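The values are calculated or read from the model by the stated rules, or taken from the named source; none is laboratory data. All values reported here derive from a predicted model rather than from experimental measurement. Using ideal geometry, Cβ is built from the backbone for each residue, glycine included, and neighbour counts are taken over all protein chains shown. Please note that ligands, DNA and RNA were not included when accessible areas were found on the heavy atoms of the full protein model with its side chains. Shrake-Rupley method; radii C 1.70, N 1.55, O 1.52, S 1.80 Å.
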Amino acid sequence: MDLAVDAESHGDRAGHHDSPARYLIPALVAGAVAVGLGVYGKVHDPAGTAFNLAGFSSTGAVKSWLATAAFFFALVQVVSAFMVYGKLPGPSWSATLHRWSGRIAFLLAVPVAVHCLYAFGYQTYSTRVMWHSLLGCAFFGAFSAKMLLLRSERLPGWLLPVVGGLVFTALTLLWLTSALWFFRTVGVTT
């Protein structure tokens with residue numbers, strides 16, 4: 001699908017002027033979610049641990065594998081988005097693949113985030129940890145904005161790919177500062 005065709009399907013037509021509030025509200029919600037998570041993580045007393053799953057040696061291993069699976073499905077999201085936008089050839093069910101890979105990635109990321117917030121909170125004791133904390137908040141904020149924008153009509157054709165790219169970039173950097181770091185430091189364990 002061509003971006004121009006996609007823009008028309010969202011009703012973005014030449015000469016049509018919309019209220020900036022439709023873009024401002026998702027941006028404000030994104031900021032509120034990100035700041036809210038950061039404030040909660042900073043003021044709450046970290047518990048040290050929140051959960052473990054049978055078959056894993058540690059909560060670090062559980063989180064790293066869940067994050068890796070979420071990252072894998074996020075990669076599927078990117079490839080399927082290119083198919084949906086006509087930049088790569090793909091099957092007729094590319095849009096379904098895109099939606100479901102995103103849902104699965106999000107569902108895998110939620111227990112990791114809950115554990116991080118509950119067990120560790122918002123930490124800044126090292127550069128890696130500070131960036132990880134900041135990116136975790138930014139990821140869920142950007143994700144919230146993307147979900148709100150999906151329900152909007154007449155979006156510019158470039159907006160969802162840009163916001164989706166921000167979500168993917170935040171998740172990638174989260175994975176690099178957590179799961180990859182864990183696997184390199186502790187080893188690839190289960």
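Among the residues of region 120-132, is any aromatic (Phe, Trp, Tyr) and in contact with a Gly (Cβ under 6 Å, 6 or more places away or on another chain)?
yes
What number goes with the only condition from (1) without any contact (Cβ under 8 Å) to a residue 12 or more places away in the chain; (2) basic (Lys, Arg); (3) within 24 Å of Leu28 (Cβ to Cβ) that Arg103 does not pass?
(3)
If I go through region 115-174 residue by residue, how many of them are touching a His at 6+ places or on another chain (Cβ under 8 Å), farther than 29 Å from Ser58 by Cβ and modelled with pLDDT of 90 or more?
Looking only at that region, the number is 0.
Please pick out the residue among Tyr118, Tyr122 that is open to solvent by 70 Å² or more (accessible area, probe 1.4 Å) and among the aromatic types (Phe, Trp, Tyr). Write out each step before concluding.
Numbers: Tyr122 fails: open to solvent by 70 Å² or more (accessible area, probe 1.4 Å).
Exactly one residue qualifies, and that residue is Tyr118.
When you go through (1) open to solvent by 70 Å² or more (accessible area, probe 1.4 Å); (2) closer than 12 Å to Phe71 by Cβ one by one for Leu166, which number turns out not to apply?
It is condition (2) that Leu166 fails.
Residues of region 114-128 being touching a residue at least 40 places away in the same chain (Cβ under 8 Å) and part of a helix (DSSP H, G or I), which ones?
Matches in region 114-128: Val114, His115, Cys116, Leu117, Tyr118, Ala119, Phe120, Arg128.
Kindly list the number of the only condition in (1) open to solvent by less than 80 Å² (accessible area, probe 1.4 Å); (2) under 20 Å from Phe71 (Cβ atoms); (3) not in a helix (DSSP H, G or I) that fails for Val188.
Just one mismatch for Val188, condition (1).
Could you grab me the full set of residues in region 143-158 that are under 26 Å from Leu176 (Cβ atoms), among the aliphatic types (A, V, I, L, M) and open to solvent by 20 Å² or more (accessible area, probe 1.4 Å)?
Correct list: Met147 only.
Only one of these conditions is not met by Ser133: (1) closer than 24 Å to Asp45 by Cβ; (2) surrounded by fewer than 20 Cβ atoms within 10 Å (Cβ to Cβ). Which number is it?
For Ser133, the exception is condition (2).
Residues Leu108, Leu171, Leu176: which one is within 28 Å of Ala47 (Cα to Cα), in a helix (DSSP H, G or I) and open to solvent by 70 Å² or more (accessible area, probe 1.4 Å)?
Result of the check over Leu108, Leu171, Leu176: Leu176.
Restrict the check to region 151-167 and report whether at least one residue is of a type in the set (Ser, Thr, Tyr) and not in a helix (DSSP H, G or I).
Yes, region 151-167 contains at least one residue that is of a type in the set (Ser, Thr, Tyr) and not in a helix (DSSP H, G or I).
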